[in-house]
Amino acid sequence: MKKIAAIIGGGPAGLTAAYILSTPESTFKPVVFEASDLVGGIARTENYKGYRFDIGGHRFFTKITEVQELWREICGDDFVTRRRLSRIYYGGKYYSYPLKAFNALSMMGPIEAGRILLSYMKWQIWPHKSEDNFEQWVINRFGGRLYLYFFKTYTEKVWGIPGTQITSDWAAQRIKNLSLAKAIWNAISGANDTASLIETFEYPRLGPGMMWEKCRDLIQERGGEVRLNYTVNRITRTGNRIDAIEVVGSDGTVAPLRVAADEFISTMALADLIACIEPAPPEEIV
C-alpha cells in the first residue's frame, strides 16, 4: 500500500509535485485538491465558446536542464518554439522590446533620447547610496527619466503598490542582469545573454494551460488523483505535525470532508494557509 500525499492546489507547483510523486518507483499516491474547475492556477488557459484565453503570457524559458526535460516529458510534441513579439506602449507609440536601437531612436526622437541618456549619466555619477526598494534599484541602472515613464507606471499598474514598497530583491529577479547600457549594447551588437531579452521561447501549442492539463492526465493515468472544485477550509495539527485537512465543494455540492494523509504539501497562499490551521499558530506567526 502506498502512502498518501495530500497536495493543496492544482497549479504548476502542486501538479509538478504530484507528477514526481506518481512515478512508478514512488512510495506515494498523490491526491491533489484544487478549488477551481481548471488546473494551472494563473498559468491556466480558459476556454470560452471554443476559444482559448491565457491568463497572462507565461512563456516557457529556462536554463535549467532538469526543468526543460520535465516540460518536454509532459508536453511532448505539443511543446513548440515561438518567436517573441513584445512591445512597450509609450507616448502613443509602440516600441520594440527587446530594444532595437534604430526603432527606439526614430520613435523617441533625438531630444527625448538625449534627456534619457543625460538622466542615466546623472544617476551613474550620483546613484542612490542604498538599494532597498524597486525604485532605487531601477533608477541606479536605467536613470530617473526612463524609470518614471517605462518602469514606474507599468509596475505600479500591474502590482497595485508604489515602487518604493517593492523590494530590490524582487527587482533583481524580474530584471535579470540588465541595465540601460547593456540594453543599448545588445540592441547595437545583436548580442543577447540576458533572460529579459530573449527573442524566442517555447510554448504549449494550445497555451500554458495545456501543459498542466497534460500533467493532470498523466498523474491520473499513474494512479494519482486530481480533485477539482474542492476547497481546503481547515487544516488540523497536533504540535508541529499536520494531521488532516478538511475540504468542501467549491460549488457547495460537497459537505465538509476530513482527509487524513501521511504527508501534506501546500501551494495555497501563505496568509490563507496560516488562517486555516487549527489550533491557530502562535500570534507572532499569524
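Scanning segment 70-88 for residues that are exposed (fewer than 11 other Cβ atoms within 10 Å of the Cβ) and among the hydroxyl-bearing types (S, T, Y) yields a total of 1.
Within the option set D54, D132, being touching a strand residue (DSSP E or B) at 6+ places or on another chain (Cβ under 8 Å), in the same structural domain as G249 (by TED's automatic domain parsing) and of a type in the set (D, E) holds for one residue only, D54. State which residue pairs qualify: first residue over 15 Å from R115 (Cα atoms) and inside segment 133-148, second residue assigned to a strand (DSSP E or B) and not small (G, A, S) in any location, beta carbons under 9 Å apart, and separation of 6 or more residues or different chains. As it stands, the answer is N133/T167; F134/T167; W137/T167, since those pairs meet every condition given. L117 fulfils the conditions (1) out of contact with any Lys or Arg (no Cβ under 6 Å at 6 or more places or on another chain); (2) within 25 Å of P162 (Cβ to Cβ); (3) surrounded by 13 or more Cβ atoms within 10 Å (Cβ to Cβ) except for a single criterion, (2). Scan segment 270-283 and give yes if some residue there is within 17 Å of A17 (Cβ to Cβ) and not in a loop (DSSP other than H, G, I, E, B), otherwise no. Scanning segment 270-283, I find at least one residue that is within 17 Å of A17 (Cβ to Cβ) and not in a loop (DSSP other than H, G, I, E, B), so the answer is yes. Scanning segment 137-168 for residues that are outside any helix (DSSP H, G or I) and either surrounded by 13 or more Cβ atoms within 10 Å (Cβ to Cβ) or of a type outside the set (A, V, I, L, M, F, W, C) (or both) returns G143, G160, P162, I166, T167.
The values are calculated or read from the model by the stated rules, or taken from the named source; none is laboratory data. Worth saying up front: this structure is predicted, and the values here are computed from it rather than measured. Please note: Cβ atoms are built from the backbone with ideal geometry, for glycine as well, and neighbour counts cover all protein chains shown.
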